[in-house]
1. Mind checking which of LEU185, MET119, GLN164 is farthest towards the positive end of the stretch 50-189's charge dipole, using Cβ charges of +1 (Lys, Arg) and -1 (Asp, Glu) about the Cα centre?
2. Taking 0.36 nm per intervening residue step and subtracting the Cα-Cα distance, what contour gain separates LYS172 from ARG35 on full extension?
3. Counting residues in the stretch 50-189 as N, plug N into 2.2 N^0.38 Å and put the Cα Rg over that result.
4. Express in nm, to one decimal, how much length is gained between ARG79 and ALA57 on full extension, taking 0.36 nm for each residue of separation and deducting their alpha carbon distance.
5. Using a Cα-Cα cut-off of under 20 Å, which aspartates and glutamates could be cross-linked to LYS172, ignoring same-chain neighbours fewer than 8 residues away?
6. Give me the net charge of ALA30's neighbourhood, meaning all other residues with Cβ under 14 Å from the Cβ of ALA30; Lys, Arg count +1, Asp, Glu -1.
Amino acid sequence: MGRFSLAFLLLLLSSVAGGAASTAEFVRNACSRTRYPDLCEQCLAVYAPAVHHSKLALARAALSVSADRAGTASAFVGRMSASAAARGSRNSLEAGAVRDCIETLRDGVDRLRQSVKEMAAMAGFADFRRSRFAWHLNNVQTWVSAALTDETTCLDGLAQFAGQSVRTAVRKKVVEVAQVTSNALALVNQLGPKN
């Protein structure tokens, strides 16, 4: 009986380990088709057990990560702006560019969160060719593209009107958000009927 238990335990452990490797491989393969595959895998590896082999669940996780990172970047820029305003160390053009950046980042966060909700609605339409699924998918693609544009717009405004220290601090945060958002959009695009 002891041998049977040991054999069963080994079989069970190899099955669990194989499943974990399989889901990790699924995430790796999906991320390999994004613009920033290493960042994609780094952000989404933790979700591998939860998404199993669902492209829809993986895309939704990527959108959640993007929304969270965009929210963090927006809060960072807001704190930086408040700190500079308290010191009186910002010229009016730079202050306007930073305010615009905060606003566009917030718009992007809203669009990304809206996309996460839309993805939840898509889960009820398992057949990727159904018209309702396609309608929801188009909404998500539009909103995520707009969020990516918002992130770029923030950087463009700062490039024109902000000082070097502000540009450097904000750019690092926003570029990472744009890369994560680009990856999320690539994963969403993998849901289309041609993929």
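1. MET119
2. So the chain would gain 47.6 nm between LYS172 and ARG35.
3. After normalising by residue count via 2.2 N^0.38 Å, the value is 1.17.
4. Numbers: separation 22, 0.36 × 22 = 7.92 nm, distance 3.30 nm.
That pair, ARG79 and ALA57, stretches by 4.6 nm at full extension.
5. Partners within reach: ASP38, GLU41, ASP68, GLU94, ASP100, GLU103, ASP107, ASP150, GLU151, ASP156.
6. Values: positive: ARG28, ARG33, ARG35, LYS55, ARG60; negative: GLU25, ASP38, GLU41.
Result for the local shell: +2.
No lab work stands behind these numbers, since they all come straight from the coordinates. These figures come from a predicted structure and were not determined experimentally. Here the Cβ is made from the backbone with ideal geometry for all residues, glycine too, and neighbour counts use every protein chain on show.
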